[in-house]
Amino acid sequence: GWDCPFAYILASLADKSSEVDVTQILGRVLRQPYVMRHKNYQLNLSYVLTASAKFQETLQKIVEGLQQAGFSKNDYRSENKMDVTLVQEPVAPINNLLWPENEEAELKAPTDEIDPAKIIFNPENRETLANSDSDRIAEIEVMAQEASEEFEANIQEQFSNPTAIILSAEELNQVKQYHMRPAVAAIAMQLTLPRFYSKIANANPLFHDNEWELLNHESLLQDFKLSTKASDINFDAFKTELFKVDLEEVRSGDYAPKFIPIEDSMVKDPLVEYILARPPKERLANIADMFVKLIDDMWPIPEQEIRKYVARVIEDMSPDQLQDILIRKFNYSRAFKEKITQLSEQHAEEKFGKMLNAGTIEIRHDYKLPNAIIPGKLGADISNSLYEREGDMNTFESTMIASIAGFSNVAFWHRNLGRGKGFAINGFKNNHYPDFIIVTKVGTIILLETKGSFLDNPDTQAKVRLGKEWKSLAGSNYRYFMVYESKAISGALSVAEVKEAIRQL
């Protein structure tokens, strides 16, 4: 496929009629990865102009297919401006399957070639160029402006109701929504949560309304070069013993399944033997290619950077080590992926700090809680919640929030939704969604992240640091706490400590 984020106009002169062809044409301009809003409204839409006689007919057949692919009827608008009478030329019947004896009587094969004699448009005629189809162009511009205004109105609605981003109006009527409780809705609708924004380098005024955009993790990795980073990986932590399950005779004629340990030398894998028998350079390339596929996509880190990094790690390995890495390839690929994630997040955090010091990252209070939520699976029906019902919770989360909900100073609590549905602290961690949002009666907003029996790890530590950075920049009315259930976590608080801290706010 051809993913071009800046394709806006596609003009097709071919007489496309097949469903596949038309789908491909529409997909080229409808699918725009990483697209951003432009200042000029005409650039916020895509246009397909075609002279095909069958395009409109075929378009009707693939509307359902487009909707199934993720496009709703509001994502496109089709207009048939064809005013030319089409004449079907009669085709002489062929009465004989054999070639005619008269060599001059040749069958005319269809052709897609353009006959220049039939073209009435003269590109050299400036007057013709200026006046040709001006009404239709003006109509397209009006449609574009109307669509842009409608789109802007939808965005404003989505700020107050993020559910609309996920579901269309028709779909919203078919799912169960849970609204804010009237007793606390007025307070909740006035609250705002701060998010990080970054300054756009060399912003083009044609494409951007201002010089700032919502900070995303990918932008912090634009200059990240994995192939130059440290290649020390502790593979021992990911190694496992190999076993096979087979029947073993426990008494005469009686067999039972048993776990039997396997030595590496006993493993006979034709692919492993083939790769190890290759010349060193080719062997290195084959192993690197294998692990790139196993590691899979780690956007925005380019695939070639991952390949270079893997090759650098394994280039000095002995034959025995290479055999081990091929036999336990899934364990090793997990080790590679965790190391790459650790290196990339370390780089993102360093870049985040530099941008903060340089003033190219700032915090803005612009996120509002939605009027209604669609939590999917429901959680425990605990009192004093923001919405009629809240989302699913594990045992520790339910116990924790139940003990806080009844505090006399707590106005309400909300089980924050993840995966684009709830509030995320956007920073050097890729969208950290705290488990709970708690609001006190004096207006203090608390983000609470719970950790059950999890071990203290780099991911948890990064969340603690990001939460504290967010709190320090958000203002005096905001707090961030991470609470652990049993095993102490550096930077986090115990259950008793969190309860006491919230009770005092």
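Specify the residue that is nearest to the chain's Cα centre (by Cα); the eligible residues are those in region 429-440 that are open to solvent by less than 10 Å² (accessible area, probe 1.4 Å), in contact (Cβ under 8 Å) with a residue 40 or more places away in the chain and within 22 Å of Leu215 (Cα to Cα). Walk me through how you get there before you give the answer.
Start the filter on region 429-440 by keeping residues that are open to solvent by less than 10 Å² (accessible area, probe 1.4 Å), which leaves 432, 434, 436-440.
Then keep just the ones that are in contact (Cβ under 8 Å) with a residue 40 or more places away in the chain; that gives 434, 437-440.
Filter again for within 22 Å of Leu215 (Cα to Cα), leaving 434, 437.
Details: Pro434: 19, Ile437: 24 Å.
Filtering first and then ranking leaves Pro434.
From Gly443, Gly353, which residue is at pLDDT 90 or above, more than 22 Å from the chain's Cα centre (by Cα) and part of a loop (DSSP other than H, G, I, E, B)?
Values: Gly353 fails: part of a loop (DSSP other than H, G, I, E, B).
Answer to the check: Gly443.
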Number of the condition not met by Leu193 [criteria: (1) over 24 Å from the mean Cα position of the chain (by Cα); (2) modelled with pLDDT of 95 or more]: (1)
Within region 291-309, the residues that are acidic (Asp, Glu) and under 12 Å from Phe336 (Cα atoms) are Asp296
Considering only region 375-387, I want to know if a residue exists there that is under 30 Å from Asp297 (Cβ atoms) and among the small types (Gly, Ala, Ser). yes
Neighbours by Cβ (under 8 Å, 6+ apart or cross-chain): first from region 379-400, under 19 Å from Leu447 (Cβ atoms) and small (Gly, Ala, Ser); second open to solvent by 80 Å² or more (accessible area, probe 1.4 Å) and not in a strand (DSSP E or B): Gly391/Lys377
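Within region 490-499, is even one residue acidic (Asp, Glu), surrounded by fewer than 16 Cβ atoms within 10 Å (Cβ to Cβ) and over 25 Å from the mean Cα position of the chain (by Cα)? Reasoning before the result, please.
So in region 490-499, the residues acidic (Asp, Glu) come out as 497.
Adding the requirement that they be surrounded by fewer than 16 Cβ atoms within 10 Å (Cβ to Cβ) leaves 497.
Imposing the further condition that a residue be over 25 Å from the mean Cα position of the chain (by Cα) reduces the set to 497.
The answer is yes, given that some residue of region 490-499 is acidic (Asp, Glu), surrounded by fewer than 16 Cβ atoms within 10 Å (Cβ to Cβ) and over 25 Å from the mean Cα position of the chain (by Cα).
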Restricting to region 326-378, count the residues that are free of Cβ contacts under 8 Å to residues at least 24 places away in the same chain and touching a Lys or Arg at 6+ places or on another chain (Cβ under 7 Å). 1
Residue pairs within 7 Å by beta carbon, gap of at least six or interchain, first lying in region 222-235 and aromatic (Phe, Trp, Tyr), second assigned to a helix (DSSP H, G or I) and surrounded by 10 or more Cβ atoms within 10 Å (Cβ to Cβ), listed first then second, are Phe224/Ser344; Phe224/His347; Phe235/Tyr332; Phe235/Ala335
Would you please name the residue that is surrounded by the most Cβ atoms within 10 Å (Cβ to Cβ), looking only at residues in region 251-263 that are at pLDDT 70 or above and assigned to a strand (DSSP E or B)? Tyr255
Residues (in contact (Cβ under 8 Å) with a residue 60 or more places away in the chain and in contact with a helix residue (DSSP H, G or I) (Cβ under 8 Å, 6 or more places away or on another chain)) located in region 474-497: Tyr478, Val483, Glu485, Val495
Going through region 310-340 one residue at a time, which ones are in a helix (DSSP H, G or I), under 14 Å from Asp232 (Cα atoms) and open to solvent by 50 Å² or more (accessible area, probe 1.4 Å)? Arg312, Lys337, Glu338
State which residue is farthest from Leu505 (Cα to Cα) when the search covers only region 451-480 and only residues that are modelled with pLDDT of 95 or more and assigned to a strand (DSSP E or B). Tyr480
Of the residues that sit in region 395-417 and are among the polar types (S, T, N, Q) and part of a helix (DSSP H, G or I), which one is most open to solvent (accessible area, probe 1.4 Å)? Thr395
When you go through (1) surrounded by fewer than 18 Cβ atoms within 10 Å (Cβ to Cβ); (2) at pLDDT 90 or above; (3) in contact with a strand residue (DSSP E or B) (Cβ under 8 Å, 6 or more places away or on another chain) one by one for Ile373, which number turns out not to apply? (1)
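The values are calculated or read from the model by the stated rules, or taken from the named source; none is laboratory data. Keep in mind the model is a prediction, meaning the values are calculated, not measured. When we count neighbours, we look across all protein chains shown, and the Cβ atoms used for this are built from the backbone with ideal geometry, even at glycine. Calculation scope for accessible area: heavy atoms of the full protein, side chains included, ligands and nucleic acids excluded. Shrake-Rupley method; radii C 1.70, N 1.55, O 1.52, S 1.80 Å.
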